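For reference, the structure is listed below as structure tokens.
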Amino acid sequence: MLTSRTFLKRTRAGAVMKVVREHYLREDIACGAAACEQCGQQPGEPRLEAQPSGAASSLCPAPHYLLPDTNVLLHQIDILEDPVITNVIVLQTVLQEVRKRSAPVYKRIRDVIANPEKHFYSFTNEHHRETYIEQEQGETANDRNDKAIRVAAKWYDEHLKKINNEETIQVILLTNDRNNKEKAVEEGLTAYTCEEYIKSLIANPDLVDRLACVSDEGKEIESGRIIFSEHLPLSKLQQGIKSGIYFQGTFRANRDNYLEATVWIHGDTEENKEIIIQGLKNLNRAVHEDLVAVEVLAKDQWVAPSSVVLQDEGQNEDDDENEEEKENTLKSSVSKNMLRPSGRVVGIIKRNWRPFCGMLSKSQIKEARRHLFTPADRRIPRIRIETRQSSALEGQRIIVAIDGWPRNSRYPNGHFVKNLGTAGDKETETEVLLLEHDVPHQAFSQAVLSFLPKMPWSITEEDMKVREDLRYLCVCSVDPPGCTDIDDALHCRELENGNLEVGVHIADVSHFIRPGNALDQESAKRGTTVYLCEKRIDMVPELLSSNLCSLRSNVDRFAFSCIWEMNHNAEILKTRFTKSVINSKASLTYAEAQMRIDSSSMKDDITTSLRGLNKLAKILKKRRIDNGALTLSSPEVRFHIDSETHDPIDLQTKELKETNSMVEEFMLLANISVAKKIYEEFSEYALLRKHPAPPPSNYDILVKAAKSKNLEIKTDSAKALADTLDKAESPDFPYLNTLLRILATRCMMQAVYFCSGMDNDFHHYGLASPIYTHFTSPIRRYADIIVHRLLAVAIQADSTYPELTDKHKLADLCKNLNYRHKMAQYAQRASVAFHTQLFFKNKGVVNEEAYILFVRKNAIVVLIPKYGLEGTVFFEEKDKPKPNLNYNDEVPSLTVEKTTFYTFDKVKVNIMLDASNIQHQKIRMALVEPKILGSDVPNQTTELSTNSEPEKKKKKLKK
């Protein structure tokens, strides 16, 4: 059967066009009930059970199927995903609406429908002759959809009565819409709110905790005082943004100060690129990463970024005076040039809420059901949830989702989702940091694994026909100890003409991962391998990462080789690229390779090759630095792990050897050579990497810090910065240069991937290279796989495919890769922080030398070189008399009583683990020297653990 709608539409040119929309209706769409003989069920398709075996309900003891409306599906997805809830009819009307309104929920419900154990059935009611309805004149789309849901529920009710079952299966409509429920009951349907139904489940009282808290706007205003102003509707916001009254941007909460945030304005306006939001009312219920509309305040209301560290630790949410007092501490007198454009949030364009990990802060009130949840991420506000299992959840890491944030509530409302395990437990904490940094870490699915080569795998004659046989070369790899995913190997040999041949051989991952299949899609989604202290989350399955792609020694492996002919002055005479087969003669660590180079007795082929590479690398590095490349520094730490307890027993900063630099130089050279080649061949579709020059204001902190030590740092170009950093040395303070380089690193922008056809600034500031890409690590970076594919097409070694030459798709891919790389970096830092806490947990109090990196209004941030550890020393403590603090931003300096602290000053601190807050266990630092009058920090050097080694001489870090 065919229905059609006809309407007239005016075109841009002004002509009137008649449009006919045809809608096909069928009678053969199955109901999905396993016991139904009338409907022709397809074998193997998911279906509703003949005898629904779901949870027993006191409201509806008879067997029943559930039919949720759109809002229940959108807001109560956590409930629907629970194993207890089975036999659910998901209407096409509902599914289409969910798809429009929330892509993440749509994906989750599709996954549930695909799970045969859940017995969810997707019913195409919009194409069934008896359940399709037309939209009536004057009827809103929402009302029409509600009616379509009721019509489908009614049809199911009638249809299921025809099944010859001992008991008739009922259909329960779940809706939280009061009007829809009333109409359904009038029409003779069984309808409950989601809350009523879940509370009626006899054996599952805990499921109530997972109910999303859906606020009723009307009720919210009656109860209590209004704290926040109303959010403007989307239509007004869009008008305001268009006319320039409001600005649209991403809300970034401040990790150190819950009363401050910045909004990064979207668009090309250089002016007001960043707007500061200060104070609870101006923040107006925005949450980190929300897309918001802001109104810029009048200039006399502008504020300066605060240097105060403020954490929200109050238990009483009616404590307005305390809130105002905290807000006043932000408004200290500052010079006019410190003021920045400031604003207030007037509306939310798009929420970016996700499930949050954290811990329950149990209410002090006995038998209370309402408690505050404190997220692990300090940028997220505390969330009020209702739960009956608060005693069981105390001390546990849990996941909570936000449901809404009423105007009269100090905190958003949410619901409990899942218990992850005991806080402090290594497995639990690793799971938390992976979830919090959005690192995909589930096991690879069967669909992904099905695209792996069948074992045993070997190189065939057919393979050899299309590859160059380089197994005769003396190739070796140099990596950190314990590395199993070996991406790269090198060789160097003298040619008959006296020149040198140097080869960088990279694992040929793109041979195994073909475009568009499930393995490729999963690798693209993950974007990068994530290295935690004791765990590696692979981008590709282990069969590839540690075996077939890994360039292990003494086995034949596929490689993509970049081979140069060079003179002895490291000048490139010829470059060629080829798909090859290699056989690595040795897998060395950096220390082993260094030992070979330094040994006077070793003269074998591998050692000779390494010496040749090392000699050329030094020339390449000098040339790069002369061109203005930066040598920056960031302290990296290495943990020595106990083999039985798996706890860290020692913590040292990593020492970089000459061989680290040797490998790095040839990787940089290969990346630059490949970047030139793919850009030459694909000027619109090359995937490149750039490092933008920082805005001059980024360097303020570095310039001021150097000035305080009577040194001048020039920042007008990378070359000027590199040269002045080289000269910035103090004979009586050898560590100063490293500190300056650490600070310079903090001033840098993030390097990013981009598509050459979508950008015109290719320059890599840090490397002083006009063009750059990533080619050398395809086992652990997806960007390199795309670069391999581009290069293979460029040298006619592989065929192209549509997505490879679609710059918009490539730009979207780059966006995801940049996000994944950033989150991987943060996850790695969080893992180091957690293992550092475990290390100090067993140490007691440790006394160490430190240097001041930053001076704040009420604290100093220090770096401890021995451990590569950074921490904050606070000068104001709860329940103690406040010392006299005087902060000078110009220098910068902080005077506490009569002691003044400047950047880079040497101090002594006590380091201990503060476990008073299990959720945010932190390394606490207290100042020991210089001694501040009136301060009572004892010098606890005697408590230094006896098994700690004496401090080794600090070496100047070179990178």
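Within the range 2-199, antiparallel bridges make up roughly 40 percent of the DSSP beta bridges whose residues both belong there.
Over the chain, dividing the summed -39,500 (n - 2.57) contributions of all DSSP H runs of at least 4 residues by the number of residues returns a 222 nm mean residue ellipticity of -8500 deg cm²/dmol. DSSP beta bridges fully contained in the chain are about 80 percent antiparallel.
For the range 2-199, the solvent-accessible area of protein heavy atoms averages 54 Å² per residue (probe radius 1.4 Å; ligands and nucleic acids excluded). What separates the Cα centres of the range 796-835 and the range 143-161 is a distance of 46 Å.
If R0 is 60 Å, the Cβ-Cβ spacing of H23 and I365 corresponds to a FRET efficiency of close to 0.60. Once C-alpha pairs closer than 8 Å and six or more residues apart are averaged by separation and normalised to the residue number of the range 823-894, the relative contact order reads 20 percent. Using C-alpha pairs under 8 Å with a sequence gap of at least 6, the mean separation divided by the residue count of the range 660-830 gives a relative contact order of 31 percent.
Taking amide H as placed 1.01 Å from N in the peptide plane, E468 has its amide H under 5 Å from the amide H of K579, S580, V581, each at least 5 places away in sequence or on another chain. When a 1.4 Å probe is rolled over the protein heavy atoms, the share of accessible surface on the chain that falls to carbon and sulfur comes to 49 percent.
Go through T193, N179, F123 and say which Cα lies farthest out towards the positive end of the charge dipole of the range 75-210; charges sit on Cβ, +1 for Lys and Arg, -1 for Asp and Glu. Positive-most Cα among the choices belongs to F123.
For the range 518-594, the solvent-accessible area works out to 34 Å² per residue, with a probe of 1.4 Å and every protein chain left in place. Residues whose amide H falls under 5 Å from that of H64, counting only those 5 or more places apart or on a different chain, are Q170, with hydrogens built in the peptide plane. Normalised by the number of residues in the range 463-614, the average gap of Cα pairs under 8 Å and 6 or more apart makes the relative contact order 34 percent.
With all protein chains kept in place, the per residue accessible area of the range 660-830 amounts to 42 square angstrom at a probe of 1.4 angstrom.
The values are calculated or read from the model by the stated rules, or taken from the named source; none is laboratory data. Just so it is clear, the model here is predicted, and its values are computed rather than measured. Don't worry about glycine lacking a Cβ; one is built from the backbone with ideal geometry, like all the others, and counts go over all protein chains shown. Surface areas here come from the heavy atoms of the whole protein model, side chains and all, with no ligands, DNA or RNA. Shrake-Rupley method; radii C 1.70, N 1.55, O 1.52, S 1.80 Å.
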